[in-house]
Amino acid sequence: MLTGIITEEEALEGFSNEGTLTVALLFIVAGAIQKSGIIERSLIKRLKKGKTIAGTMAKIFLPVSGFSAFLNNTPIVAALTPILRKWCEENKIPPSKFLIPLSYMTVLGGTITLMGTSTNLVVQGLMLKQGMEGFSLFELGIVGVPITIAGLVYLITIGYRLLPNNKSIKETVQEHSREYLAEMVVGSDFPYLNQTVQVAGLRQLKGLYLIEIIRGNEKISPVKATTKIQKGDRLIFTGLVSTIAELQQIKGLTLETGTDLSLDTLKNGNTQLVEAVVSHHSSLLDKTIKQAQFRSKYDAAVIAVHRNQERIQSKIGDIVLKPGDTLLLLCGSDFMNKFKQSNDFYVVTPLDTPVALQEDKKKGWIAIGILLAMILLVTFGVLSMFKAMSLAVVLLLLMKVITPADAKQSIQFDVLLLIASSFGIGTAVLKTGTAEWIADGLLKIAQPLGVIAVLFFVYLLTNIFTELLSNSAAAVLMFPIAMEIAEKMSINSTGLAVLIAIAASAAFITPIGYQTHLIVYGPGGYRFMDYVKVGTPLNIIVMIITVWIVYLVWIS
């Protein structure tokens, strides 16, 4: 915009685009359904009957892909990760066999309908802007259903066998608790008896972090700055246990070496151990744990932080948080209330929801009924997707299924900002002649090999963009290039729009290819190469099926 390549109006057009605004409304409608917990309860019932890996995958992933065709993928994966992990622990099955497939199946399910993923709606918005007719609600399902079935068959026969047998971070810490936890006992000669933790200088240690005080049968956690220290207190520290010498120099503190200290020792009736994954749109990003005031903000103490499956060897308070970081937390009684009001991280450990926070089933069924009614209105052409979702949100508010505060919390504003801003980039690609230049180069290579080769090249280029950037950005960048190719080759532009929508979503090779992949990265104990091993064959399968169907249905 500043260089004059695009005007102010062109830079801002994405903010009033129908696709962008429909995504915002869908976040609200999906949030109302997911808040009710109906999906989780229905899948827990199916899990109880599962015994084998392949059989349970088939039972769970078919309905999961169905749900993700109509709801936002990210909350589905965040909600089901702890449920699947609990089932795996009970059945002595590594959770790592299930979590990548869970993410992949939600992505595939999102390709079945127009509302299945924000990428589909972005492409729809671009088509309408271009003067094209746009997709019907289930048009993408012509490709989406076959690739979802093929993906499921691959994952339950070959895919899960390529995945490692990993333990969770909680289990790893449990086995090596001495590397994470240290215990000091307060003697009668401690100079700060009956003084606060703050006065005793135990809040500003170089490498250690006081997470709990054990006083007889009482366990005080998280420890506040105003907590007073008494004779005989057992002080539990986490962080760089190698720096324990600093504490040993304090008179009256004795290192307890023969202790049977473990994670279970830390728990009391009001505390629970929780694993959480930092989200892409967290307010904690690029702040240290101390700067974020994590302990007071969430009533939780951080025991350890893992990134890329390695423990970060640093004082807990000094660790700067990044998306996908996995935190092991010792949580107090207020954690659930505070977590429910935040989008800072995804909890991937099953939690006992207090009665006060359990949602009304009736409201959940009303939300589902409204969504189904809107789907019928869109399917029969009575309303456009945008009008139907606008009406759905108004009805949810009028019937008090959700509050305005709930609606606001459901919207992922960072995703909307990214989508809206990328439209200006797409316009710049078109106006500068970049789209025509790339299209000419691609045709020079692929056209002599035939139309199918051109489709493969378009799919592959979109797929590379989506693995490196984001799904919506890849779609916006590739759309003008695909339209140039359609015009130059005189082929159906809708077919190429379908190709772009599917290729922009079908990113399975890296953990950054899709937001849900990063949610399961830490809880599954995965490494980058695990995605490459399992995702590459799936990418190839989806690409072949998509190109072939697009050619047969729209091009030939």
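The values are calculated or read from the model by the stated rules, or taken from the named source; none is laboratory data. It should be emphasised that the depicted structure is a prediction, and the values quoted were computed from it without experimental measurement. With ideal geometry, Cβ positions are generated from the backbone for all residues, glycine too; neighbour counts draw on all protein chains shown. In case anyone asks, the SASA skips ligands and DNA or RNA and just uses the protein heavy atoms, side chains included. Shrake-Rupley method; radii C 1.70, N 1.55, O 1.52, S 1.80 Å.
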Problem set entry | Condition check for residue 30: crowded, with 22+ Cβ neighbours inside 10 Å, in a helix (DSSP H, G or I) and of a type in the set (Gly, Ala, Ser) | yes
Problem set entry | Residue match in region 473-491 (condition: hydroxyl-bearing (Ser, Thr, Tyr) and either open to solvent by less than 10 Å² (accessible area, probe 1.4 Å) or in contact with a helix residue (DSSP H, G or I) (Cβ under 6 Å, 6 or more places away or on another chain) (or both)) | no
Exercise. Of these, 21, 47, which one is farther than 26 Å from residue 134 by Cα, assigned to a helix (DSSP H, G or I) and modelled with pLDDT under 90?
Worked result: 47
For this session: Kindly provide the set of residues from region 509-556 that are surrounded by 17 or more Cβ atoms within 10 Å (Cβ to Cβ) and either in contact with a Cys (Cβ under 7 Å, 6 or more places away or on another chain) or not in a helix (DSSP H, G or I) (or both), ordered by number.
Result: 509, 511, 512, 513, 514, 522, 523, 524, 525, 526
Problem set entry | Only listed residue being over 22 Å from residue 13 (Cβ atoms) and basic (Lys, Arg), chosen from 431, 444 | 444
Seminar exercise, completed: A careful count of residues in region 403-429 that are open to solvent by less than 20 Å² (accessible area, probe 1.4 Å) and either closer than 13 Å to residue 29 by Cα or in contact with a His (Cβ under 6 Å, 6 or more places away or on another chain) (or both) gives 1
Exercise. Residue 40 versus (1) under 28 Å from residue 397 (Cβ atoms); (2) touching a Leu at 6+ places or on another chain (Cβ under 9 Å); (3) modelled with pLDDT of 85 or more: which is the lone unmet condition?
Worked result: (3)
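Table: residues versus (1) modelled with pLDDT under 90; (2) more than 22 Å from the chain's Cα centre (by Cα).
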| residue | (1), (2) |
| --- | --- |
| 482 | no, yes |
| 500 | no, yes |
| 509 | no, no |
| 518 | yes, no |
| 543 | no, yes |
For this session: Can you work out which of the residues in region 50-85 that are of a type in the set (Lys, Arg) and open to solvent by 40 Å² or more (accessible area, probe 1.4 Å) is modelled with the highest pLDDT?
Result: 59
For this session: Give the residues of region 33-44 that are in a helix (DSSP H, G or I) and either touching a residue at least 40 places away in the same chain (Cβ under 8 Å) or open to solvent by less than 20 Å² (accessible area, probe 1.4 Å) (or both), sorted by residue number.
Result: 33, 34, 35, 36, 38, 39, 40, 43
Exercise. Any chance region 125-136 includes a residue that's closer than 26 Å to residue 530 by Cα and either hydrophobic (A, V, I, L, M, F, W, C) or open to solvent by 20 Å² or more (accessible area, probe 1.4 Å) (or both)?
Worked result: no
Exercise. Which residue pairs have Cβ atoms closer than 6 Å, lie 6 or more positions apart in sequence or on different chains, and pair a first residue in region 198-225 that is of a type in the set (Gly, Ala, Ser) with a second residue that is modelled with pLDDT of 85 or more and open to solvent by 10 Å² or more (accessible area, probe 1.4 Å)?
Worked result: 200/192; 225/198
For this session: State which residue pairs qualify: first residue closer than 13 Å to residue 303 by Cβ and inside region 228-241, second residue among the charged types (D, E, K, R) and in a strand (DSSP E or B) in any location, beta carbons under 6 Å apart, and separation of 6 or more residues or different chains.
Result: 236/183; 236/212
